[in-house]
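First up is the structure itself, then whatever we jot down about it.
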Amino acid sequence: MAKEKEHMNLAFIGHVDHGKSTLVGHLLLQSGAIAEQQLAKGEDKFRFVMDKLTEERERGVTIDLAHARFDTPKYEFTIVDCPGHRDFVKNMITGASQADAAVLVVAIDDGVMPQTKEHAFLARTLGINQLIIAINKMDLVKYDEGKFNDLKQEVSDLIKTVAYKPSEIDFIPLSAFEGDNITKLSENTPWYKGPTLVESLDKFTSPEKPTNLPLRVPIQDVYSITGVGTVPVGRVETGIMKKGDNVIFEPAGKSGEVKSIEMHHEMLDMAEPGDNVGFNVRGVGKNDIRRGDVAGHTDNAPSVAKEFTAQIVVLQHPGVITVGYTPVFHCHTAQVACTFLELQKKLDPATGQVKEENPDFLKTGDAAFVVVKPTKPMVIEKIKDIPHMGRFAIRDMGQTVAAGMCIDMVKAK
Amino acid sequence: MGEVVATIKLMPESPEVDLEKMKEEVMASIPEDAEFHKIDEEPIAFGLVALNVMVVVGDSEGGTEQVEENLAKISGVNNVEVTDIRRLM
């Protein structure tokens with residue numbers, strides 16, 4: 001029997017008009033998820049397929065396509081085409097579906113747009129370490145090498161600001177409409193010596209489950225179940241939890257022994273990252289702990305921050321952010337209001353260099369280092385220690401105003 | 001403007017919650033500008049069963065906010081969490 005392919009979640013990110021959907025459509029077409037006979041001749045062929053599906057209101061088909069799988073020689077990919085609107089950022093940060101790698105799509109005729117910057121920052125915040133840059137719509141500039149190199153330089157400068165190394169990343173000139181450099185090298189770009197998109201996808205390394213990191217289980221709910229006792233429910237983000245382990249819930253500070261673990265109504269001896277589990281803990285009452293608390297081993301307890309330094313990007317704010325501003329931070333399952341204590345430095349999004357020390361305010365589009373203080377104890381981890389626990393969305397007035405990651409902290413205990 | 005399909009997980013208040021009644025209320029709660037697609041049951045642990053509700057909303061201001069708010073009001077629902085979002089082509 002053939003060896004089963006490893007699975008990866010692949011996110012498509014970038015500006016909403018830069019051809020993400022067309023590129024995804026093309027990849028799905030290659031995989032057979034879209035029937036060949038639906039392909040019409042003409043320059044707009046993929047758009048045609050999509051329009052046809054919409055016209056016929058074959059909703060089930062389009063929804064299935066959004067969850068379809070796509071095979072390369074090495075991997076089986078599930079593609080996630082990321083929403084463009086900022087109001088979905090909260091869901092991308094706190095949601096369960098974690099992308100293992102991303103393709104950042106930038107159209108050559110439009111260049112780097114604000115959303116391109118936001119998505120590059122979000123990819124980093126979401127812990128996506130593997131990236132491909134797809135320079136799309138090359139047909140619109142007659143496959144001009146000079147224009148490609150100029151944009152490549154511009155995007156390199158941008159992604160360097162969020163600690164990606166352009167020298168380790170493939171920049172691929174392609175046309176999603178024409179199919180250039182997607183599965184085979186195009187005659188239209190004889191100057192391009194790199195891999196096709198599909199070849200580049202196969203260069204990704206398969207994601208490893210973060211089993212070596214300390215145990216962290218953000219609590220979604222706490223139940224008191226007859227005949228069982230207290231049952232917290234949550235998804236294991238990092239580490240391994242075994243029956244018999246001593247765990248502590250922070251910031252509650254309560255600890256107990258894990259008596260049993262269940263997932264899908266089946267008993268488990270241990271739970272690992274990605275598992276949605278309920279576990280019975282002896283010595284902890286239902287009212288001792290709550291949603292937003294985090295379980296970890298007693299000898300390596302979750303960090304409770306008194307204050308923390310964060311790198312943030314302001315996505316949309318009707319006014320300005322100043323010291324004293326206290327919006328709600330959504331971090332794992334916790335929602336805690338945090339006060340801005342200090343605006344340390346504002347960064348130039350193009351170079352990552354400090355543009356201004358101690359700015360008076362931040363506005364939409366700004367990236368900055370800031371110090372914030374939670375109004376009540378909250379668990380957060382440094383992004384470089386436990387990336388899964390270090391990112392957050394900032395919400396105010398029903399909007400996601402900013403997103404960020406924890407760089408450093410002063411612990412409360 | 002594109003569309004986004006969201007999967008929203010509803011955790012029940014207890015293992016005794018009437019899931020069929022909850023499903024009916026879910027369908028009735030979907031706001032006009034969103035489109036209900038389907039509900040799947042997901043067994044969690046110790047008799048608790050979550051509902052995964054799939055809805056389609058616009059890739060626009062507000063996101064899944066209104067849907068989440070309505071779902072949170074349903075009796076028997078302990079909490080609501082968006083577990084997956086992706087654009088439709």
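Of note:
- Taken as a whole, the condition of being in a helix (DSSP H, G or I), free of Cβ contacts under 8 Å to residues at least 12 places away in the same chain and crowded, with 16+ Cβ neighbours inside 10 Å does not apply to A:GLU118.
- Test: residue in region A:371-380 that is closer than 11 Å to A:ILE312 by Cα and surrounded by fewer than 23 Cβ atoms within 10 Å (Cβ to Cβ): yes
- Inspection of region A:318-328 finds no residue satisfying the criterion of being at positive phi, surrounded by fewer than 18 Cβ atoms within 10 Å (Cβ to Cβ) and within 22 Å of the chain's Cα centre (by Cα).
- Counting only strands (runs of 3 or more DSSP E) that sit wholly inside region A:297-413, those with at least 3 residues that are modelled with pLDDT under 95 and within 26 Å of A:ALA99 (Cβ to Cβ) are A:304-314, A:391-396, A:399-411.
- The selection criterion, being closer than 18 Å to A:VAL80 by Cα and either more than 18 Å from the chain's Cα centre (by Cα) or not small (Gly, Ala, Ser) (or both), holds for A:GLU118.
- In the condition set (1) more than 10 Å from chain B (Cβ to nearest Cβ); (2) modelled with pLDDT of 95 or more, A:GLY278 is compliant with all but (1).
- Here the strands (runs of 3 or more DSSP E) wholly within chain B that include at least 3 residues being within 11 Å of chain A (Cβ to nearest Cβ) and closer than 26 Å to A:VAL401 by Cβ are B:3-12, B:49-58, B:77-88.
- Qualifying residues in region A:68-96 (those that are hydroxyl-bearing (Ser, Thr, Tyr) and not in a loop (DSSP other than H, G, I, E, B)) - the one nearest to the other protein chains (Cβ to nearest Cβ): A:THR94
- Filter pass, B:GLU32 being in contact with a Leu (Cβ under 7 Å, 6 or more places away or on another chain) and farther than 24 Å from A:HIS265 by Cβ: no
- For region A:335-344, the condition holds for no residue, the condition being that it is touching a helix residue (DSSP H, G or I) at 6+ places or on another chain (Cβ under 7 Å) and among the hydrophobic types (A, V, I, L, M, F, W, C).
A quick yes/no check of all residues on (1) surrounded by fewer than 18 Cβ atoms within 10 Å (Cβ to Cβ); (2) under 26 Å from A:ASN280 (Cβ atoms):
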residue: B:GLU13; (1), (2): yes, yes
residue: B:LEU19; (1), (2): yes, yes
residue: B:GLU25; (1), (2): yes, no
residue: B:ALA28; (1), (2): yes, no
residue: B:ASP40; (1), (2): yes, yes
residue: B:ALA45; (1), (2): no, yes
residue: B:ASP59; (1), (2): no, no
residue: B:ASN78; (1), (2): no, yes
residue: B:GLU81; (1), (2): no, yes
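Let's see how each residue does on (1) within 14 Å of another protein chain (Cβ to nearest Cβ); (2) over 20 Å from the mean Cα position of the chain (by Cα); (3) surrounded by 16 or more Cβ atoms within 10 Å (Cβ to Cβ):
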{"site": "A:VAL336", "(1), (2), (3)": "no, yes, yes"}
{"site": "A:GLN344", "(1), (2), (3)": "no, yes, yes"}
{"site": "A:MET389", "(1), (2), (3)": "no, no, yes"}
{"site": "A:ARG395", "(1), (2), (3)": "yes, no, yes"}
{"site": "A:LYS411", "(1), (2), (3)": "no, yes, no"}
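- Count of residues meeting criterion [farther than 23 Å from A:GLY278 by Cα and hydrophobic (A, V, I, L, M, F, W, C)] in region B:12-31: 4
- Residue satisfying all of: in region A:281-296; away from chain B (no Cβ under 14 Å) and part of a strand (DSSP E or B); surrounded by the fewest Cβ atoms within 10 Å (Cβ to Cβ) among these: A:ARG282
- Subset of region A:226-240 [in contact (Cβ under 8 Å) with a residue 40 or more places away in the chain, among the β-branched types (Val, Ile, Thr) and within 11 Å of chain B (Cβ to nearest Cβ)]: A:VAL228, A:THR230, A:VAL231, A:VAL233
The values are calculated or read from the model by the stated rules, or taken from the named source; none is laboratory data. Quick caveat, the model's predicted, so the values are computed rather than measured. Quick reminder, even Gly has a Cβ in these numbers, built from the backbone with ideal geometry, and neighbours come from all protein chains shown.
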